[in-house]
Amino acid sequence: MNEQPHRPIRSFVMRTGRMTSGQARALEDLWPRYGVEYSPAPLSFDALFGRQAPRTLEIGFGNGEHLAALAVAHPERDYFGVEVHRPGVGHLLMLAATNNLSNIRASSHDAVEVLREQIAPGTLDEVLVLFPDPWHKKRHHKRRLIQPPFVELVASRLASGGVFRLATDWEPYAQQMLEVLSDARALFENLSPTGNWMPRPEERAPTRFEKRGTRLGHGVWDLAFRRS
Ligand SMILES: C[S@@+](CC[C@H](N)C(=O)[O-])C[C@H]1O[C@@H](n2cnc3c(N)ncnc32)[C@H](O)[C@@H]1O
């Protein structure tokens, strides 16, 4: 009997998704300026951005509206976004070019591999995971991103004092996030004044999935943990 090749459990399934002509053009024309190819070797952020600045990584940035808004609001910081949905990456590249941003770069690879292979330990100041796929069905819970091995990986890539920020509109997943991060108390300190959730950051422009959750009558749970 043939052995099945080992396939890792991923936090996404590749959707074909409709790509607008603008997104396709952006991927073609702007990738050389903003795109970061995957390769299993650590990146030099200083070389990538041509300077040394505080660095934020956003995992699963969706259509990139939120990441682009942050890059516009904070020219003193550098932003690296990782998203497997190609139309979303195209959209972010369009926003980056329209705003003539020089402090943003994007990868369209699995963020778990990017973190593990391309980001050197202790090099990030902030990691954002906003409204990750909740994988509602029990048999799919294993696909959820926020689990102990992933949290340990994020911790290893954050500099001491760096902050891991998360949000979700799905209460059971919020509870899981709180539990997994609270259990990692040797690595992270909860920044919540109440020991659980954070107030919603006023600065955050509602993301596409946040707006969708609100339309469906869901709550929003924010978390922030500091790397010790
Ligand atoms: C529910 S959407 C949220 C998008 C966006 N953050 C928002 O709030 O609108 C989750 C996104 O994460 C992306 N994603 C999931 N797992 C990923 C991974 N391992 N690497 C990169 N992107 C991932 C999906 O493609 C999807 O676009």
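A short reminder: the numbers here are calculations on the coordinates, not readings from a lab. Since this is a predicted model, take the numbers as computed values, not measurements. Note that we place each Cβ from the backbone using ideal geometry, even for glycine, and neighbour counts take in every protein chain shown.
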Item to check | Backbone HN-Hα couplings from phi across region 159-165 [Karplus 6.51/-1.76/1.60, Hz, Gly and Pro as x] | outcome: 6, 4, x, x, 10, 9, 10
Checklist entry - Debye sum, Cα scatterers, region 39-103, no solvent: what log₁₀ I/I(0) at q = 0.13, 0.29 1/Å? => result -0.34, -1.32
Checklist entry - Are there trypsin sites (Lys or Arg not before Pro) in region 28-93 that DSSP marks as loop and that have at most 14 other Cβ atoms within 10 Å, and which are they? => result Arg51
Next on the checklist: To check you understand DSSP bridge types, tell me what percent of the beta bridges within region 78-228 (both residues inside) are antiparallel, rounded to 5.
Outcome noted: 50 percent
Checklist entry - aspartates and glutamates near Lys142 by alpha-carbon distance under 19 Å, same-chain residues fewer than 8 away left out - which ones? => result Asp110, Glu113, Asp133, Glu152, Asp169, Glu171, Glu179, Asp183
Checklist outcome for this item: Given 25 °C, 0.890 mPa s and a Kirkwood radius over Cα pairs, the Stokes-Einstein diffusion coefficient of the chain in µm²/s is 135 µm²/s
Item to check | Per-residue ³J(HN,Hα) for region 82-97, Karplus 6.51 cos²θ - 1.76 cosθ + 1.60, θ = phi - 60°, Hz, x for Gly and Pro | outcome: 10, 8, 8, 7, 4, x, x, 5, x, 4, 4, 4, 4, 5, 4, 6
Checklist outcome for this item: Taking the chain and counting helices only, DSSP H stretches of n ≥ 4 at -39,500 (n - 2.57) each over all residues, the nearest-500 ellipticity at 222 nm comes to -9500 deg cm²/dmol
Checklist entry - For Gly81, which sequence-distant residues (separation of 5 or more, or a different chain) have an amide H within less than 5 Å of its own amide H, given hydrogens modelled in the peptide plane? => result Glu58, Arg105, Ala106, Ser107
Next on the checklist: If the elastic network links every pair of Cα atoms under 10 Å, which of His66, His85, His136 fluctuates the most in the Gaussian network model of the chain?
Outcome noted: His136
Checklist entry - Which of the GluC sites (Glu not before Pro) across region 3-38 are loop residues per DSSP, with 13 or fewer other Cβ within 10 Å? => result Glu3, Glu37
Checklist entry - DSSP loop trypsin sites (Lys or Arg not before Pro) in region 151-228 with at most 11 other Cβ atoms within 10 Å of their Cβ, which ones? => result Arg185
Item to check | Contact order relative to length of region 113-219, as percent, for alpha carbon pairs under 8 angstrom and 6 or more apart | outcome: 30 percent
Checklist entry - Using modelled amide H (1.01 Å from N, peptide plane; none on Pro or chain starts), what sits under 5 Å from the amide H of Leu124, excluding residues fewer than 5 places away? => result Leu158, Ala159
